[in-house]
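Student: Structure provided below as structure tokens; questions to follow.
What follows is calculated from the coordinates using simple rules that are stated; it is not laboratory data. Every value quoted in this text rests on a predicted model; they were computed, and no experiment measured them. Reconstructed Cβ throughout: ideal geometry from the backbone, glycine too, with neighbour counts over all protein chains shown.
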Amino acid sequence: MQTELQVLLAAAITIACLHTLTGPDHYVPFIALSKSRGWSFSKTIWWTVVCGCAHVWSSILLGLGGAAIGWSLSKVSWLDEIRGGIAGWMLLGFGIIYGIWGLLNVYRNKSHKHFDVEEEGEIYVYEHRHGQVVRAGEKHKVTPWVMFIIFLLGPCEPMIPLLYFPAAQNSLTGMLMMIAVYTTITLATMVLMVVLGFYGLTFFKVNNMEKYMHPLSGLTIFICGAGMVFMGW
């Protein structure tokens, strides 16, 4: 379990970084709100952390659904010898399905939420597809509490299998470690990007990668599952 947990923790770190860095909506709105409303540095970081916690906690609640399945599996005594293999195969399968789903969304150019910073410094949120022209009436003004609700209702789906595996191994410690690592990395990445923007430093050029976040997450989970099944990780 120790090696498997290390692999899962590496996957959690990778997905948390990918999910945050490739989504400018995780940090650009806070920088824009800070500048348009004259927020102090501490207030900017406060709202970043509050919204980040809402985002992470909703992801964890989603992942606990997978954990519940894992706990149920851990109670079946006759599966003791093959439980780890089943969990590995389920990770691999989820990675394939999730990756294909992500690629289909890219191909279909599925609509998603997007934030836009106007010249006067106000921020608006709207649904759009890449390349689609959005009319002014389709945009909704963003306030800090609106940001909180958006982050609360926008979880990271890959947390489902990442919590499933340690639950299937009946490892509460492993689950808590996964939650702690995912939370820490997500919040730290959000705060880092906001701090860089607050002081006017250049962002990583990741805007074009946003639509590939789901396929990349699926690939990460697939590699994790494949390593456990075929390489004895």
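Student: Step through the residues of region 4-19 one at a time and calculate ³J(HN,Hα) from phi using the Karplus curve (6.51 cos²θ - 1.76 cosθ + 1.60, θ = phi - 60°), rounding each to whole Hz and writing x for Gly and Pro.
Tutor: Going residue by residue, I get 4, 5, 4, 5, 5, 5, 5, 5, 5, 5, 4, 5, 4, 5, 4, 4 Hz, with x marking Gly and Pro.
Student: Taking θ = phi - 60°, what integer Hz values does the Karplus form 6.51 cos²θ - 1.76 cosθ + 1.60 yield along region 94-100, in sequence order, with x for Gly and Pro?
Tutor: Per-residue couplings from phi come out as 4, x, 5, 4, 5, x, 5 Hz.
Student: Here's something else I'd like to know. Calculate the FRET efficiency for ILE96 and LEU192 from the Cβ-Cβ distance with a Förster distance of 41 Å, rounded to the nearest 0.05.
Tutor: Result of the calculation: an efficiency of 0.80.
Student: I'd like the FRET efficiency for SER36 and ALA68, computed as 1/(1 + (r/R0)^6) with the beta carbon distance as r and R0 of 35 Å, rounded to 0.05.
Tutor: 0.25
Student: Could I ask something else about it? Whole-Hz ³J(HN,Hα) for each residue in region 145-156, computed from phi via Karplus 6.51 cos²θ - 1.76 cosθ + 1.60 with θ = phi - 60°, x for glycine and proline: what do you get?
Tutor: Values, residue by residue: 6, 5, 4, 4, 5, 4, 5, 5, 8, x, x, 9 Hz.
Student: Going by amide H atoms built from the backbone, whose H comes under 5 Å of the H on CYS156, apart from near neighbours?
Tutor: SER59
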